[in-house]
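**Q** Below are the structure tokens for one structure; questions will follow.
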Amino acid sequence: MAKGVTPVQAADGLTTRQRRNSPLVIVHGGAGKGKSTAAFGLALRGWNQGWSIGVFQFVKSAKWRIGEQAALAALDDVHRTTGQGGPIEWHKMGSGWSWSRKAGTEEDHAEAAREGWAEIKRRLADETHTLYVLDEFTYLLKWGWLDIDDVVATLTNRPGYQHVVITGRDPHPRLLEIADVATEMTKIAHPFDKGQKGQKGIEW
Ligand code: ATP
Ligand code: MG
């Protein structure tokens with residue numbers, strides 16, 4: 001297939017420019033490795049385009065993802081000091097959610113997830129970012145912490161030019177229905193199967 005040629009020619013009357021600028025819902029699911037890695041790869045491309053990027057990381061403990069978080073923070077720094085690229089914000093749920101932190105109380109993950117989603121909704125309504133990385137977001141639906149109707153309606157009706165990438169195993173079928181890009185990572189092999197441990201640069 002020639003570069004830039006799509007297999008289906010849409011009869012929607014849109015110009016090439018309009019077709020090149022359509023906001024996407026992107027889902028990286030499946031049990032193989034690479035869902036989050038690919039999402040952060042997209043963030044790198046978006047940063048280079050000068051996009052405002054919001055990363056919302058669910059579920060994983062504070063120890064995780066130090067590699068990409070540090071790298072994206074450095075790129076945010078580059079943006080603020082030189083104007084190159086775009087701004088990047090990184091938000092963790094749980095104790096990391098600055099707008100939901102309740103010092104001294106037991107962490108209620110479901111409540112933190114709902115508050116995190118409420119913040120994402122506010123930002124989508126305000127058109128705060130061009131790219132949203134909702135890392136490990138599928139579990140919030142899987143565990144019934146969020147209402148799938150609300151998530152589907154919010155994503156479907158989001159205004160403006162906002163891409164949303166969602167990662168995690170077992171994405172809800174209705175999420176896959178509304179996805180413009182849905183990719184399933186299939187495990188063929190993984191070093192953990194041979195008893196190997198996670199290693200720096202590969203896992204964090
Ligand atoms: P990555 O962050 O490396 O892109 P991922 O987002 O696809 O991975 P997660 O389900 O978020 O996968 O799990 C992250 C961690 O679990 C990583 O340490 C990864 O190596 C490990 N992992 C991912 N897939 C598998 C698998 N099929 N078997 C064992 N471990 C896995
Ligand atoms: Mg992941």
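**Q** Might you tell me the accessible area per residue for region 22-185, computed with a 1.4 Å probe and given in Å²?
**A** Per-residue accessible area for region 22-185 comes out at 47 Å².
**Q** Hey, another quick one. Quick one: grab the alpha carbon gyration tensor of the chain, order the square roots of its eigenvalues as a ≥ b ≥ c, and give me rounded if a/c is under 1.5, else prolate or oblate depending on whether a/b is larger than b/c.
**A** It comes out rounded by the Cα gyration axes.
**Q** Rounding to the nearest 20 debye, state how big the charge dipole of the chain is about its Cα centre with +1 on each Lys and Arg Cβ and -1 on each Asp and Glu Cβ. Please report the intermediate quantities before stating the final value.
**A** Numbers: 26 positive and 24 negative charges, 144 e Å.
Taking the Cα centre of the chain as origin, the dipole is about 700 debye.
**Q** Further, regarding this structure: Once the piece of chain linking Asn48 and Trp204 is laid out straight, how much longer is it, given 0.36 nm per residue of separation minus the C-alpha distance between them?
**A** 53.9 nm
**Q** So how much slack lies between Asp180 and Ala70, counting 0.36 nm per residue of separation and subtracting their Cα-Cα distance, in nm?
**A** Between Asp180 and Ala70, full extension yields an extra 36.7 nm.
**Q** Where the accessible area of the chain is counted over protein heavy atoms with a 1.4 Å probe, how much of it, in %, is carbon and sulfur?
**A** Numbers: 6240 of 11750 Å².
Of all accessible area on the chain, carbon and sulfur atoms account for 53 percent.
**Q** Sort 187-197, 123-133, 29-39 by the packing proxy (mean of other Cβ within 10 Å over each peptide's residues), most packed first.
**A** Peptide ranking by packing, descending: 123-133, 29-39, 187-197.
**Q** Among Val133, Gly83, Phe56, flag the residue with its Cα farthest along the positive direction of the charge dipole of the chain, charges on Cβ as +1 for Lys/Arg and -1 for Asp/Glu.
**A** Result: Gly83.
**Q** Taking R0 as 45 Å, what FRET efficiency do you get between Thr128 and His190 from their Cβ-Cβ distance, rounded to the nearest 0.05? List each step's numbers first, then the result.
**A** On the way: r = 36 Å, r/R0 = 0.80.
FRET efficiency, Thr128 to His190: 0.80.
**Q** Out of residues 5 or more away from Ala182 or on other chains, whose amide H comes under 5 Å of its own, with H placed 1.01 Å from N in the peptide plane?
**A** Result for Ala182 returns Val27.
**Q** A further question follows. Check the straight Cα-Cα distances from Lys187 and name the aspartates and glutamates below 15 Å, setting aside those fewer than 8 residues away within the same chain.
**A** Cross-link targets: Asp170.
**Q** Quick one: how many Å² of Trp204 are accessible to a 1.4 Å probe, rounded to 10?
**A** Counting only protein heavy atoms, the figure is 120 Å².
The values are calculated or read from the model by the stated rules, or taken from the named source; none is laboratory data. Here the structure is a predicted model, which means the values were calculated and not measured. Note that each Cβ is placed from the backbone with ideal geometry, even for glycine, and that neighbours are counted across all protein chains shown. Just so you know, the surface numbers come from the protein's heavy atoms only, side chains and all, with ligands and any DNA or RNA stripped out. Shrake-Rupley method; radii C 1.70, N 1.55, O 1.52, S 1.80 Å.
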